[in-house]
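Let me begin by presenting the structure, written as structure tokens, before commenting on it.
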Amino acid sequence: MSVHAVERVFWEFGNKPSRIEAFRRDPDAYLKAYQLTPAEQAMIRHVDLKALAAHGVNTLLTLMVWPLLKGADEMPFDYLVHMNDGKLPDMGMTGFKAIGLKGYIRFRQLRGALRRALGRGGPARVGA
């Protein structure tokens, strides 16, 4: 029903990360404890960064919660991609620097996916 309710969910994730496990087990049941609209629940379930930002949710709060929900291998580059309409911002880099950075990012993403697939890495992703 409000930005405050959405931010409260995220703040409580950051304040007590064990709540994330309860959220992962049953997101719908977990979110019923908060006064959220169906659209807000969907934004949280899918960690829809663009929709959350457009809704007025503090982006520093989503930045804090992103690695808790998505895993540290996805940070910070995947966060930037989601916030930038699916593209990694060039961050002022051109030529080989940009190619090298993007290659490194893809390597980290691939490594994280392989670790998860082999059961060796980080938490399961939420809202993929």
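Listed by first and then second residue, the pairs linking a residue in segment 37-50 that is within 13 Å of V3 (Cα to Cα) to a residue that is open to solvent by 70 Å² or more (accessible area, probe 1.4 Å), with Cβ atoms under 9 Å apart and 6 or more places separating them unless they lie on different chains, are T37/M1; E40/M1; Q41/D28; Q41/K32. There is at least one residue in segment 75-86 that is at pLDDT below 85, surrounded by 12 or more Cβ atoms within 10 Å (Cβ to Cβ) and more than 25 Å from F23 (Cβ to Cβ). Residue check: R45 meets all listed conditions (1) in a helix (DSSP H, G or I); (2) among the charged types (D, E, K, R); (3) modelled with pLDDT under 85 but one, namely (3). Output the residue which, of all residues in segment 49-60 that are at pLDDT below 90 and in contact with a helix residue (DSSP H, G or I) (Cβ under 9 Å, 6 or more places away or on another chain), is most open to solvent (accessible area, probe 1.4 Å). Ranking the candidates gives K50 first. Restricting the search to segment 1-47, which residues are small (G, A, S) and either open to solvent by 40 Å² or more (accessible area, probe 1.4 Å) or over 13 Å from L69 (Cα atoms) (or both)? Matches in segment 1-47: S2, A5, S18, A29, A33, A39, A42. The C-beta contact set for segment 3-25 (first residue farther than 19 Å from D48 by Cα, second residue of a type in the set (A, V, I, L, M) and open to solvent by 50 Å² or more (accessible area, probe 1.4 Å), distance under 6 angstrom, 6+ apart or interchain) comprises P17/L68.
The values are calculated or read from the model by the stated rules, or taken from the named source; none is laboratory data. Remember, it's a predicted structure, so these values are computed and weren't measured experimentally. Cβ sites come from the backbone with ideal geometry, for glycine too, and all protein chains shown count toward neighbours. We work out accessible area using only protein heavy atoms, side chains counted, and drop any ligands, DNA or RNA first. Shrake-Rupley method; radii C 1.70, N 1.55, O 1.52, S 1.80 Å.
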